[in-house]
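Have a look at the structure below, then the notes.
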Amino acid sequence: MPLVVIIDCDHGTIAPEEAVLGAAGVEFRLHQAKTEEEVIAVAQAADAIILQYAPITARVLDGLPRCRVAVRYGVGVDTVDLAAATERGVVVANVPDYCMEEVSDHALAMSLALWRGVVFYDRAIRGGTWNAPAKKPMYRLRGKVMGLIGTGRIGGCLARKAAGVGMTVLAYDPYLTAWPEGVRSVALEDLLKESDIISLHLPLTPETRHLIGEATLRRVKPTALLVNTARGGLVDTDALCRALAEGRIGGAALDTLESEPIPADSPLFAFPNVILSPHAAWYSEQSQADLKRKTAEAAIAVLRGQRPYSPVNPDVYKNPKLRGREPLLKG
């Protein structure tokens, strides 16, 4: 009987995965492995692994000789060594479409809350000031510019919603060839200069790490707002804090951070024009159920000798060392 090991999961339940895996007739186990050594110890006999945060390195993959597929809860796969997986014939899959509406809703909600000073006023009232001073300057949102860096599934959803509240939408995405209706493609430098709100929707890679750093932050309007619901490492936190302290940017709304959970002594707490949420943009009851079901379905697809609907390293199928060419499951 094939073995699927869920090596880390903090969702509180694995009932949706159990339903899929049990129906497929596989053995499955749940562990909370956080280090390379722990992952190897709990999953060395696994034919498939499902992961959330655990590192899947070359060393881990060598310690899991039977593993055919690694599926990550979510979109980002920056904890997985994709080159090592491809070289060893291990399929890596994710679930890129489970929270498009939720993350784009969250990005828009954070944008509006920051733009309209909602959190600023709330903090003032909670601090005992009812007639809070007006948050100035404040401008009408209609006609302002939303700049999207990354215009895939989530960025495309946000483009539609931003247009719905009257914003002009610009986008920078060097990999996109077809653009959502009403979105104008521009160079990154132009987007930085023209945008009133800049929202990030791209993966974390060596090329995108600290994309928003000292140089890019010096190109934005002093009234511009930065929204990050993608990956914390896209933003150089130190550079952002300098820009905020020097008044070179109007504020930031961050759902993801370089260090999570946020350190108690983070300088971000000092800025009233920063709002934070705890990497929660992805969540709704529906998105969580979709995520868990689709993650398990991807693992089962590979065990059946099929392609998962979202392989992250499709070049693995060119590798003659592709692990397990013969299906372990019928279906």
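LYS330 fulfils the conditions (1) out of contact with any helix residue (DSSP H, G or I) (no Cβ under 6 Å at 6 or more places or on another chain); (2) not in a loop (DSSP other than H, G, I, E, B); (3) not β-branched (Val, Ile, Thr) except for a single criterion, (2). When region 141-159 is limited to residues that are under 14 Å from SER111 (Cβ atoms) and of a type in the set (Lys, Arg), the one that is surrounded by the fewest Cβ atoms within 10 Å (Cβ to Cβ) turns out to be ARG142.
Of all the residues in region 117-138, those that are surrounded by fewer than 11 Cβ atoms within 10 Å (Cβ to Cβ) and on the phi < 0 side of the Ramachandran plot number 8. Screening ALA289, ALA296, ALA301 for residues that are small (Gly, Ala, Ser) and either loosely packed, with under 14 Cβ neighbours inside 10 Å or more than 30 Å from PRO65 (Cα to Cα) (or both) leaves exactly one candidate, ALA289. Residues in region 270-285 that are of a type in the set (S, T, N, Q) and either farther than 29 Å from ASP238 by Cβ or in a helix (DSSP H, G or I) (or both): SER284 alone. Being touching a strand residue (DSSP E or B) at 6+ places or on another chain (Cβ under 6 Å), of a type in the set (A, V, I, L, M) and either modelled with pLDDT of 95 or more or within 20 Å of ALA107 (Cβ to Cβ) (or both) holds for only one residue in ALA171, ALA187, and it is ALA171.
Residue-wise test of (1) aliphatic (A, V, I, L, M); (2) closer than 16 Å to GLU102 by Cβ.
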| site | (1), (2) |
| --- | --- |
| SER259 | no, no |
| ALA281 | yes, yes |
| GLN288 | no, yes |
| GLU297 | no, no |
| ALA301 | yes, no |
| TYR309 | no, no |
| ASN313 | no, no |
| LYS318 | no, no |
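Among the residues in region 239-255, are any in contact with a Gly (Cβ under 7 Å, 6 or more places away or on another chain) and in a loop (DSSP other than H, G, I, E, B)? The answer is no, given that none of the residues of region 239-255 is in contact with a Gly (Cβ under 7 Å, 6 or more places away or on another chain) and in a loop (DSSP other than H, G, I, E, B). Only a single item in (1) touching a residue at least 40 places away in the same chain (Cβ under 8 Å); (2) over 24 Å from the mean Cα position of the chain (by Cα) is not met by LEU141, and it is number (1). Scan region 183-196 and tell me whether some residue there is touching a residue at least 60 places away in the same chain (Cβ under 8 Å) and closer than 20 Å to GLY232 by Cα. No; the residues of region 183-196 include none that is touching a residue at least 60 places away in the same chain (Cβ under 8 Å) and closer than 20 Å to GLY232 by Cα.
Within region 190-207, being farther than 22 Å from HIS106 by Cα and in contact with a strand residue (DSSP E or B) (Cβ under 9 Å, 6 or more places away or on another chain) holds for ASP190, GLU194. When ALA280 is tested against the conditions (1) surrounded by fewer than 17 Cβ atoms within 10 Å (Cβ to Cβ); (2) without any contact (Cβ under 8 Å) to a residue 60 or more places away in the chain, the lone failure is (2).
If you go through region 207-249 and pick out every residue that is of a type outside the set (A, V, I, L, M, F, W, C), closer than 16 Å to PRO272 by Cα and in contact (Cβ under 8 Å) with a residue 40 or more places away in the chain, you end up with 1.
Test ARG72 against the stated conditions and say whether it is within 22 Å of the chain's Cα centre (by Cα) and among the basic types (Lys, Arg). When the stated conditions are applied, ARG72 passes them. Against the definition (crowded, with 20+ Cβ neighbours inside 10 Å and polar (S, T, N, Q)), how does THR208 come out, yes or no? No: the conditions fail for THR208. Among the residues of region 286-315, count how many are charged (D, E, K, R), closer than 17 Å to LEU21 by Cβ and assigned to a loop (DSSP other than H, G, I, E, B). Within region 286-315, residues that are charged (D, E, K, R), closer than 17 Å to LEU21 by Cβ and assigned to a loop (DSSP other than H, G, I, E, B) number 1.
The values are calculated or read from the model by the stated rules, or taken from the named source; none is laboratory data. This structure is a prediction, so every number in the text was calculated from the model and none was measured. Note that each Cβ is placed from the backbone with ideal geometry, even for glycine, and that neighbours are counted across all protein chains shown.
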